[in-house]
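Peer 1: Dropping the structure in here first, questions after.
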Amino acid sequence: MIALYPGSFDPVTVGHMDIITRAASLFERVVVGVFHNPDKPSGAFPLKERLSLLEIAAGHLANVSFRAFSGLAVEGARACDADVIIRGIRTADDIALEVQMAQLNRALSGIETALLPAAPQFVHISAGMVRQIGCLGGDLTGLVPEKVRPLVLQRLYKANKEGVQDDGV
Ligand code: PNS
């Protein structure tokens, strides 16, 4: 079976890595798909950069490949012959949203979604929090894969320095 793991991955976190690794042991092939989330219009990392961070972090997994998509997740799933969509869930809020997305995606395409509960040590980690901590020059150890930590920090901190007016505080 082929699985598509769609997400924003803006940037990849250790929580994503946990889902990718577990999915890779469950399915013959896993395609990690970088999608635009219309609810998050301004991404911190360009799509190409998110893809290359994923390749650096998870490129060692032999049955995992990486692709950027535009459009619907179900169209991406069809384009890579995926039988199933994978999503990770952390909190009760995640479950409500993910069940709705899974039902909509099944209604649109017949493709089922398998939800993998996050490992307990990662439930507090989100890409949004990583962006916030990184922008302010905080320590990303244990939050993003070690191989990409300097790249993520450099990009976030630099973008913040360039984009924020110094108000003297
Ligand atoms: O990592 P995220 O931001 O939680 O991922 C959300 C994502 C990218 C999976 C979702 O926004 C998505 O599927 N985007 C593609 C557009 C789409 O198919 N929307 C309908 C979802 S029911």
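The values are calculated or read from the model by the stated rules, or taken from the named source; none is laboratory data. Here the structure is a predicted model, which means the values were calculated and not measured. Cβ: placed from backbone, ideal geometry, glycine included. Neighbour counts: every protein chain shown.
Peer 1: Restricting to region 111-130, name every residue that is without any contact (Cβ under 8 Å) to a residue 40 or more places away in the chain and within 26 Å of Gly76 (Cα to Cα).
Peer 2: Residues satisfying the conditions are Ile111, Glu112, Thr113, Leu115, Pro117, Gly128.
Peer 1: Still on this structure: Run Ser52 past the list (1) surrounded by fewer than 18 Cβ atoms within 10 Å (Cβ to Cβ); (2) more than 14 Å from the ligand (Cβ to nearest atom); (3) more than 13 Å from the chain's Cα centre (by Cα) and report the number of the one that doesn't hold.
Peer 2: (3)
Here is a yes/no grid of residues against (1) within 12 Å of the ligand (Cβ to nearest atom); (2) within 14 Å of His16 (Cβ to Cβ); (3) at pLDDT 95 or above:
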| residue | (1), (2), (3) |
| --- | --- |
| Ile85 | yes, no, yes |
| Leu97 | yes, no, yes |
| Met101 | yes, no, yes |
| Val123 | no, yes, yes |
| Lys158 | no, no, no |
| Asp166 | no, no, no |
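Peer 1: Moving to a separate point now. Can you give me the number of residues within region 1-44 that are modelled with pLDDT under 95 and either of a type in the set (Ser, Thr, Tyr) or closer than 21 Å to Asp139 by Cβ (or both)?
Peer 2: The total comes to 2.
Peer 1: Something else about it: Scan region 55-67 and give yes if some residue there is more than 11 Å from the ligand (Cβ to nearest atom), touching a Cys at 6+ places or on another chain (Cβ under 9 Å) and among the basic types (Lys, Arg), otherwise no.
Peer 2: Checked region 55-67: at least one residue is more than 11 Å from the ligand (Cβ to nearest atom), touching a Cys at 6+ places or on another chain (Cβ under 9 Å) and among the basic types (Lys, Arg).
Peer 1: Which condition number in (1) surrounded by fewer than 17 Cβ atoms within 10 Å (Cβ to Cβ); (2) farther than 18 Å from Val34 by Cα; (3) away from the ligand (no atom under 11 Å from the Cβ) is the one that Leu108 fails?
Peer 2: If we test Leu108 against (1) surrounded by fewer than 17 Cβ atoms within 10 Å (Cβ to Cβ); (2) farther than 18 Å from Val34 by Cα; (3) away from the ligand (no atom under 11 Å from the Cβ), just (3) comes out false.
Peer 1: May I pose another question? Taking region 18-43, which residues are of a type in the set (Gly, Ala, Ser) and either within 13 Å of the chain's Cα centre (by Cα) or in a helix (DSSP H, G or I) (or both)?
Peer 2: Ala23, Ala24, Ser25, Gly33, Gly43
Peer 1: Scanning region 133-142 for residues that are surrounded by fewer than 15 Cβ atoms within 10 Å (Cβ to Cβ) and modelled with pLDDT of 95 or more, which turns out farthest from Ala77 (Cα to Cα)?
Peer 2: Looking at the filtered set, the residue picked out is Asp139.
Peer 1: Answer yes or no: is there a residue in region 57-72 that is of a type outside the set (A, V, I, L, M, F, W, C) and buried (at least 19 other Cβ atoms within 10 Å of the Cβ).
Peer 2: Scanning region 57-72, I find no residue that is of a type outside the set (A, V, I, L, M, F, W, C) and buried (at least 19 other Cβ atoms within 10 Å of the Cβ), so the answer is no.
Peer 1: Out of (1) over 13 Å from the mean Cα position of the chain (by Cα); (2) more than 15 Å from His16 (Cα to Cα), what's the single condition that is false for Leu61?
Peer 2: Going through the list (1) over 13 Å from the mean Cα position of the chain (by Cα); (2) more than 15 Å from His16 (Cα to Cα), Leu61 breaks only (2).
Peer 1: Consider Ala114 carefully, then state whether it is at pLDDT 95 or above and either under 25 Å from Phe27 (Cβ atoms) or surrounded by 14 or more Cβ atoms within 10 Å (Cβ to Cβ) (or both).
Peer 2: The answer is yes for Ala114.
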